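To start, the structure under review is shown below, and the notes come after it.
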Amino acid sequence: MQPLNLLLLTMVLAVVAYGLGYARSRALAMPLGGVRHLKSLPGYYGVRAAIWCGVPALIILALWAAFEGKVIQSIVVGTLPETMIPDSAGEASLLMSKIGNVANGSLPPGFVEEPVAKAAELLQALQVQSKIYMTGLVVAVALLAGFLGWIRIRPLLNAREQVEAVLRWFFFACAGVAVLTTVGIVFSVVFETIRFFEQVPFLEFFFGTSWSPQLALRTDQVGSEGAFGMIPLFTGTLLISFIAMLIAAPVGLMSAIYLSEYANKRVRSIVKPLLEMLAGIPTVVYGFFAALTVAPFISDLASAIGVEASSQSALAAGLVMGIMIIPFVSSLSDDVINAVPQSLRDGSLALGATQSETMKKVIFPAALPGIMGGLLLAVSRAIGETMIVVMAAGLAANLTANPLETVTTVTVQIVTLLVGDQEFDSAKTLAAFALGAMLFIATLLLNVIALKIVRKYREQYD
Amino acid sequence: MNTMSSTTINQVQAPEEKVMPVTEKKPEDTVLEEGVTVGTPFADDPKFKLRDVEVFYGESRAIKKISLDIARNEVIAFIGPSGCGKSTFLRCLNRMNDSIDICRVKGGLLLDGQDIYDPKRDVVELRARVGMVFQKPNPFPKSIYDNVAYGPRIHGLANRKSELDDIVESSLRKAGLWNEVKDRLDAMATGMSGGQQQRLCIARTIAVSPEVVLMDEPCSALDPIATAKVEELIAELSESFTIVIVTHSMQQAARVSNRTAYFHLGHLVEVNETSKVFTTPEHELTESYISGRFG
């Protein structure tokens with residue numbers, strides 16, 4: 001049976017176990033005078049039986065599915081004659097795919113060497129066997145464990161505690177998935193970054209002012225030396241993010257203040273969702289809005305007042321990105337401003353302060369940590385944004401502070417480095433990981449700094 | 001069919017079972033006439049002259065035609081069961097109800113002969129004259145100094161730092177807090193004890209030199225010792241301010257006030273000298289309330 005079907009079957013068995021467990025606990029309870037003489041509610045006995053039936057079987061299924069391929073492969077390779085044993089990972093995978101192709105019939109056995117054809121037969125046989133063993137084992141374990149779980153249902157058995165314990169581990173595992181994924185990403189980035197620095201010197205990457213990640217195909221090619229200086233990329237990122245925050249921070253904050261302090265309920269209920277809709281527009285849409293409308297407008301405007309501007313500019317990308325992240329600032333700030341206790345507002349108003357004085361002197365300081373959080377989220381969003389920059393700011397890595405010139409950002413370069421056919425051991429592709437690591441460190445530092453600021457300036461209310 | 005007929009029988013039988021012994025009339029059942037208050041609600045040359053005041057929350061009427069005078073430099077206590085409208089009425093006196101969208105106030109409310117609810121009235125000036133202390137201590141999350149200096153700064157009462165220092169010191173002295181906090185004026189106000197916080201809120205209120213101080217159950221969140229200190233403070237403040245205090249504690253009303261007003265379901269039932277209210281109340285509802293029969 002296929003693993004997926006087996007999974008479904010196990011689930012069906014678990015559901016049946018639930019029903020049987022439920023029924024058995026009720027049947028046990030009735031002679032005693034009702035369900036309240038059980039340690040736990042019948043539902044808990046049902047869930048416990050289902051766990052007994054399903055969980056061990058599913059664990060076996062998962063392990064089997066994970067290791068089946070490796071084990072079969074090692075057996076198959078073991079039968080090959082000494083001369084054919086592959087001596088590199090690349091060869092091994094070529095050989096295995098050849099054997100696999102013969103086994104599934106896409107390559108006729110007559111076209112390959114004798115041992116390979118034999119190995120293919122063996123592979124096919126082993127795969128069939130493995131399926132049968134797996135099905136048998138999983139179903140047997142499900143039935144046996146389910147039966148054990150069912151037969152051991154007694155009125156004094158505290159099923160509730162056991163179910164709670166299992167759920168606790170289940171939730172723990174779910175939380176662990178996110179953490180482990182993060183750890184995995186960090187490690188893979190770190191290792192690739194180390195490999196990158198084996199090929200490109202440290203100093204060049206950190207302090208180089210030119211970025212052109214081209215590698216020569218021939219040694220005598222023009223411009224054969226690639227340049228991997230990250231400075232232009234980071235200045236580009238900072239420039240665009242800065243422009244974006246210049247728009248988003250004041251506009252977002254003021255609209256949050258309006259919504260939470262001045263707008264009446266009706267206006268608020270209409271305006272807030274509309275504002276939040278800005279965050280729901282796909283960034284590609286923002287991107288072509290920036291590229292087709294804003295960027296030409298800016299370059300026309302610039303030439304009208306006699307300043308030179310390219311058709312793609314940091315300003316265009318920054319402006320549109322600023323609009324995009326307004327809701328991040330406004331929505332979060334609105335929430336924290338609302339969370340400031342009404343008693344503080346009353347206290348200030350009762351002293352004769354106006355609404356804006358109350359806002360400025362009492363509410364804002366009290367809400368500052370949350371507002372900082374919102375701003376920070378917006379900044380990290382701006383740093384990570386790619387699509388708008390690709391479309392509106394260009395790809396040229398210029399080291400400039402002039403917002404009318406075309407610039408590029410870290411994320412955009414990561415995309416261009418990895419798009420298309422690439423080998424994964426050249427400095428060009430590894431540079432993407434190094435940039436990613438730098439981006440990660442940058443946002444981490446940003447978070448730490450913001451936390452420090454928040455701790456220092458927060459006015460705690462209780 | 002069966003169920004229907006059985007219901008009919010039940011309905012017919014129900015009144016017969018409901019034979020109850022005739023009990024004495026409960027005080028809650030007393031029908032109150034609108035706008036009628038027994039005792040001495042009026043005074044000559046009052047600070048507040050309030051006539052036929054009505055307050056609506058949306059459709060429901062929380063205050064029903066209350067007329068009352070509040071004399072200069074008196075301490076008047078509002079008592080009554082929960083939900084009787086005493087806090088709502090108090091908040092009309094400095095228009096703190098303005099921030100509630102659905103709240104409307106009708107009637108004549110005059111402070112020194114000027115209409116409080118005149119649309120052209122400057123609310124900032126009104127609240128500077130009529131300060132308020134709330135039920136739960138609500139110091140700003142700032143330093144003790146900044147809390148007291150908040151009002152004077154807003155109203156520009158001090159031209160120099162030294163003047164501001166003087167205002168802060170004298171306000172804290174009047175609130176009986178100076179000796180406790182003079183060495184730590186820069187400490188966060190939220191780190192003080194509940195009683196200290198409430199006295200700080202009082203200091204903050206009197207720092208803008210109001211004429212009237214409204215207090216909305218100022219001691220309900222405090223322990224007995226802190227309460228005693230605040231009550232002592234109220235007695236001292238009564239020499240220079242008109243004080244209106246809402247309280248749940250009848251002992252407190254008896255201890256601190258000259259006059260006591262008894263509210264019931266949005267009506268002002270009785271206003272009299274405090275000693276009279278607590279010894280020989282005129283209205284039967286007042287009598288039942290102070291003798292603890294309900295509330």
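The values are calculated or read from the model by the stated rules, or taken from the named source; none is laboratory data. Quick caveat, the model's predicted, so the values are computed rather than measured. Here the Cβ positions follow ideal geometry from the backbone for every residue, glycine too, while neighbour counts run over all protein chains shown.
Within the range B:95-114, which residues are out of contact with any strand residue (DSSP E or B) (no Cβ under 7 Å at 6 or more places or on another chain) and more than 8 Å from every other protein chain (Cβ to nearest Cβ)?
Filtering the range B:95-114 for residues out of contact with any strand residue (DSSP E or B) (no Cβ under 7 Å at 6 or more places or on another chain) gives B:95, B:98-101, B:112-114.
Of everything in the range B:95-114, those that are out of contact with any strand residue (DSSP E or B) (no Cβ under 7 Å at 6 or more places or on another chain) and more than 8 Å from every other protein chain (Cβ to nearest Cβ) turn out to be B:Arg95, B:Asp98, B:Ile100, B:Asp112, B:Gly113, B:Gln114.
Quick one: which of B:Thr247, B:Thr205 is touching a residue at least 12 places away in the same chain (Cβ under 8 Å), closer than 25 Å to A:Gly352 by Cα and in contact with an Asp or Glu (Cβ under 8 Å, 6 or more places away or on another chain)?
Sole residue among the options that is touching a residue at least 12 places away in the same chain (Cβ under 8 Å), closer than 25 Å to A:Gly352 by Cα and in contact with an Asp or Glu (Cβ under 8 Å, 6 or more places away or on another chain): B:Thr247.
So if I check each of A:Ile325, A:Ile298, A:Ile363, which one is within 40 Å of the chain's Cα centre (by Cα), at pLDDT 90 or above, away from chain B (no Cβ under 14 Å) and in a helix (DSSP H, G or I)?
Sole residue among the options that is within 40 Å of the chain's Cα centre (by Cα), at pLDDT 90 or above, away from chain B (no Cβ under 14 Å) and in a helix (DSSP H, G or I): A:Ile325.
So which of A:Ala314, A:Ala302, A:Ala309 is touching a Gly at 6+ places or on another chain (Cβ under 8 Å), in the same structural domain as A:Gly374 (by TED's automatic domain parsing) and within 14 Å of A:Pro403 (Cα to Cα)?
A:Ala314
In the range A:369-383, is there at least one residue being touching a helix residue (DSSP H, G or I) at 6+ places or on another chain (Cβ under 6 Å), within 14 Å of chain B (Cβ to nearest Cβ), part of a helix (DSSP H, G or I) and not basic (Lys, Arg)?
Taking every residue of the range A:369-383 in turn, at least one turns out to be touching a helix residue (DSSP H, G or I) at 6+ places or on another chain (Cβ under 6 Å), within 14 Å of chain B (Cβ to nearest Cβ), part of a helix (DSSP H, G or I) and not basic (Lys, Arg).
Residue by residue through the range A:339-356, note down the ones that are touching a Leu at 6+ places or on another chain (Cβ under 9 Å) and either part of a loop (DSSP other than H, G, I, E, B) or within 7 Å of chain B (Cβ to nearest Cβ) (or both).
A:Ala350, A:Gly352
Sort out which residues of the range B:256-278 are outside any strand (DSSP E or B) and over 27 Å from B:Phe241 (Cβ atoms), and write them in order of number. Give the derivation first.
As a first pass, look at the range B:256-278 and keep what is outside any strand (DSSP E or B): B:256-258, B:265-266, B:274-278.
B:Leu265, B:Gly266, listed by residue number.
Looking for something within 23 Å of B:Ala254 (Cβ to Cβ), small (Gly, Ala, Ser), more than 14 Å from every other protein chain (Cβ to nearest Cβ) and crowded, with 19+ Cβ neighbours inside 10 Å - is there at least one such residue anywhere in the range B:50-73?
no
Between residues in the range A:440-452 that are among the polar types (S, T, N, Q) and residues that are part of a helix (DSSP H, G or I), which pairs lie under 7 Å by C-beta distance while being six or more apart or on different chains?
Pairs found: A:Thr443/A:Ser380; A:Thr443/A:Ile383; A:Asn447/A:Leu376.
Among the residues of the range A:140-155, which ones are of a type in the set (Lys, Arg) and touching a residue at least 60 places away in the same chain (Cβ under 8 Å)?
Passing the criteria: only A:Arg154.
Taking the stated definitions as given, is A:Val166 in contact (Cβ under 8 Å) with a residue 40 or more places away in the chain, part of a helix (DSSP H, G or I) and crowded, with 17+ Cβ neighbours inside 10 Å?
Here the answer is no, as A:Val166 does not meet what is asked.
Considering each of B:Ser275, B:Ser220 in turn, give the residue that is polar (S, T, N, Q), surrounded by fewer than 20 Cβ atoms within 10 Å (Cβ to Cβ), within 14 Å of chain A (Cβ to nearest Cβ) and farther than 24 Å from B:Leu111 by Cβ. Before you say what the answer is, go through the steps one by one.
Values: B:Ser275 fails: within 14 Å of chain A (Cβ to nearest Cβ).
One residue alone meets the criteria, B:Ser220.
Could you tell me whether A:Ile51 is at pLDDT 90 or above, assigned by TED's automatic domain parsing to the domain that holds A:Ala142 and touching a helix residue (DSSP H, G or I) at 6+ places or on another chain (Cβ under 8 Å)? Steps first, answer last, please.
Numbers: at pLDDT 90 or above: yes; assigned by TED's automatic domain parsing to the domain that holds A:Ala142: yes; touching a helix residue (DSSP H, G or I) at 6+ places or on another chain (Cβ under 8 Å): yes.
Spelling it out, A:Ile51 is indeed at pLDDT 90 or above, assigned by TED's automatic domain parsing to the domain that holds A:Ala142 and touching a helix residue (DSSP H, G or I) at 6+ places or on another chain (Cβ under 8 Å).
Any residue that is on the phi > 0 side of the Ramachandran plot and not in a loop (DSSP other than H, G, I, E, B) - is there at least one of those in the range B:111-122? So that I can check it myself, show each step before the final result.
Initial filter on the range B:111-122 (on the phi > 0 side of the Ramachandran plot): B:112-113.
Narrowing the set further to residues that are not in a loop (DSSP other than H, G, I, E, B) leaves none.
No, because not a single residue in the range B:111-122 is on the phi > 0 side of the Ramachandran plot and not in a loop (DSSP other than H, G, I, E, B).
Just to be sure before I move on: is A:Glu357 under 22 Å from A:Asn264 (Cα atoms) and either touching a helix residue (DSSP H, G or I) at 6+ places or on another chain (Cβ under 8 Å) or surrounded by fewer than 20 Cβ atoms within 10 Å (Cβ to Cβ) (or both) in the structure I sent?
Spelling it out, A:Glu357 is indeed under 22 Å from A:Asn264 (Cα atoms) and either touching a helix residue (DSSP H, G or I) at 6+ places or on another chain (Cβ under 8 Å) or surrounded by fewer than 20 Cβ atoms within 10 Å (Cβ to Cβ) (or both).
When the range B:124-164 is examined, which residues are found to be among the basic types (Lys, Arg), more than 8 Å from every other protein chain (Cβ to nearest Cβ) and closer than 22 Å to B:Leu111 by Cβ?
B:Arg129
Based on what the data block shows, is A:Leu253 free of Cβ contacts under 8 Å to residues at least 12 places away in the same chain, within 25 Å of A:Ile383 (Cβ to Cβ) and surrounded by 16 or more Cβ atoms within 10 Å (Cβ to Cβ)?
In short, no.
Kindly indicate which of A:Ile75, A:Ile59 is part of a helix (DSSP H, G or I) and within 30 Å of the chain's Cα centre (by Cα).
A:Ile59
If A:Val112 satisfies every condition in (1) free of Cβ contacts under 8 Å to residues at least 24 places away in the same chain; (2) surrounded by fewer than 15 Cβ atoms within 10 Å (Cβ to Cβ); (3) hydrophobic (A, V, I, L, M, F, W, C) but one, which is the exception?
It fails just one condition, (2).
Among the residues of the range B:89-103, are any polar (S, T, N, Q) and crowded, with 22+ Cβ neighbours inside 10 Å?
Yes, there is a match, as at least one residue in the range B:89-103 is polar (S, T, N, Q) and crowded, with 22+ Cβ neighbours inside 10 Å.
Conditions (1) aliphatic (A, V, I, L, M); (2) in contact with a Pro (Cβ under 8 Å, 6 or more places away or on another chain); (3) part of a helix (DSSP H, G or I); (4) in contact (Cβ under 8 Å) with a residue 40 or more places away in the chain, marked per residue:
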| site | (1), (2), (3), (4) |
| --- | --- |
| B:Ala128 | yes, yes, yes, yes |
| B:Gln135 | no, yes, no, yes |
| B:Pro139 | no, no, no, yes |
| B:Val148 | yes, no, yes, yes |
| B:Gly156 | no, no, no, no |
